[in-house]
Amino acid sequence: MGSFKQDFVLTTDSYLLSHSVGRPLVTTQQHFNEQFFIPWQHSASEPWPEWLKVIDGFNASLARLFNAEANEFCPQVNLSSALTKLVMSLPQLQQSNTVVLMSEIDFPSMGFVLQKALPDSCELRFIPKDLDMTDAAVWQTYISDDVDLVFVSHVYSNTGQQAPLADIVAAAKSKQALTVIDVAQSAGIIPIDLQQLQPDFLIGSCVKWLCGGPGAAYLWVNSIHIDSCQPIDVGWFSHENPFEFDIHDFRYHPSALRFWGGTPAIAPYAIAAHSIDYFANIGSQHLREHNQNLVNLLHQHFGDIVVSPSLASKCSGTAILNFGAQQQSVLSALKLANVSIDVRSQGIRVSPHIYNDAEDINRLITAVEHS
């Protein structure tokens, strides 16, 4: 794994925070200059033709990573904006008495969006936080006949749990309910094949395991739904031909780019496309295997201290460690040993990536033993 370590900008710390912000590639800055600054600095005319190729590359990179079509992706500034645009574009979700299902342990921002973007008559129904979100039976119980939309976090950041996507999508389809999958915490570390899974919609970002920095989020729309989506938050790049310039004739773009909006940002996507390509070349399965090998070292050493699931089908890329009354002394020891982790309500979050190795995990173990 040494060759992978050398590909990233790392410090002398053992960095285990990829669930928060992934480390940049050594080549990121040079690639960014080539894709963004050089067209701006050296073009005798406007750089937009070169800049817009960056967006084409971003969507193509996502298509490779997720096994989907490039025209099904649209850049977004963040997941909240993507979800807002999506929910407000679907006529069936703007009707009275719509029911949307989500979990109490979903990221709060997603709940905030659904509370505000849906009609006041909508019922936002929560799966209680004390239930096992890795259990397909739990989802099947709550996906009842009156549910119109199921919001699913592929991974729950504070518990290290992985939702059973295939079972959830199948249950939703059986009840004619739509699905939105949030892959912010799984993209780049858990394989996702959209051709096989066939959800209705997906939202994600690049700041975490994809190591693409903030600002490069995305919305994926299953091709069967593109024509029926009618975004309200639009702009000239949502138009079928942005350069037509006829204020009296708006026509939705035939692809998912109808969700794009006004004059787009370019810089975040130039950074992100480069790192997405890097990980797509390695392959999601290899990334997952490496991550699980390192997570398993924690399970083997700490046993029940690791409160996140151990089964590959149920766990995320993050191990959650809870040392109970010793938690604070362990945190102090890890800080002193330059092991970069963070802590949430369930415990210490540890997320080994492709640039980590057994030495990083052993450094953590040693620090805990001396706490």
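The values are calculated or read from the model by the stated rules, or taken from the named source; none is laboratory data. Model, not experiment: these values are computed from the prediction. Cβ placement follows ideal geometry from the backbone for every residue including glycine, while neighbour counts extend to all protein chains displayed. Just so you know, the surface numbers come from the protein's heavy atoms only, side chains and all, with ligands and any DNA or RNA stripped out. Shrake-Rupley method; radii C 1.70, N 1.55, O 1.52, S 1.80 Å.
List of remarks:
- Segment 255-291 and segment 11-52 have Cα centres separated by 12 Å.
- Accessible surface of segment 1-44, 1.4 Å probe, proportion on carbon and sulfur as whole %: 54
- For the chain, the relative contact order is 24 percent, taking Cα pairs closer than 8 Å that sit 6 or more residues apart in sequence and dividing their mean separation by the residue count.
- Bridging of Lys335 to aspartates and glutamates at a Cα separation below 13 Å is possible for Asp13, once same-chain residues fewer than 8 apart are set aside.
- Remark: spin-label model distance Asp304-Glu123 equals 3.9 nm, labels positioned 7 Å along the Cα→Cβ axis.
- Contact order, relative form, for segment 246-371: 23 percent (alpha carbon pairs under 8 Å, 6 or more residues apart, mean separation divided by residue count).
- Entry for P(r) over Cα pairs in 10 Å bins from 0, in percent (calculated from the structure that is shown) out of (i) 5, 22, 26, 19, 13, 8, 5, 2, 0; (ii) 5, 23, 31, 24, 13, 4, 0, 0; (iii) 5, 17, 16, 13, 12, 9, 8, 8, 6, 4, 1, 0: (ii)
- Computed from the C-beta positions of Ala70 and Trp48 and an R0 of 25 Å, the FRET efficiency is 0.80 to the nearest 0.05.
- Calculated accessible area for segment 282-346 comes out at 49 Å² per residue, all protein chains present (probe 1.4 Å; ligands, DNA, RNA ignored).
- The Cα-based radius of gyration of segment 40-189, divided by its Kirkwood radius, gives an Rg/Rh of 1.05.
- Segment 252-304, accessible surface, carbon-and-sulfur percent (1.4 angstrom probe): 50
- Hydrophobic, long helices, defined as DSSP H runs whose alpha-carbon span along the helix axis is 18 Å or greater and whose mean Kyte-Doolittle value is at least -0.5, occur in the chain at 48-66, 267-282.
- C-alpha center-to-center spacing [segment 312-370, segment 74-146] in angstrom: 32
- Pairs from Lys85/Lys129; Lys208/Lys314; Lys85/Lys314 whose Cα-Cα separation, in the structure shown, is over 23 Å: Lys85/Lys129; Lys85/Lys314
- Scattering curve values for segment 1-100, log₁₀ I(q)/I(0), Debye with Cα scatterers, q = 0.10, 0.13 Å⁻¹: -0.51, -0.79
- Here the Kirkwood formula puts the hydrodynamic radius of segment 128-270 at 17.0 Å, using every distinct Cα pair.
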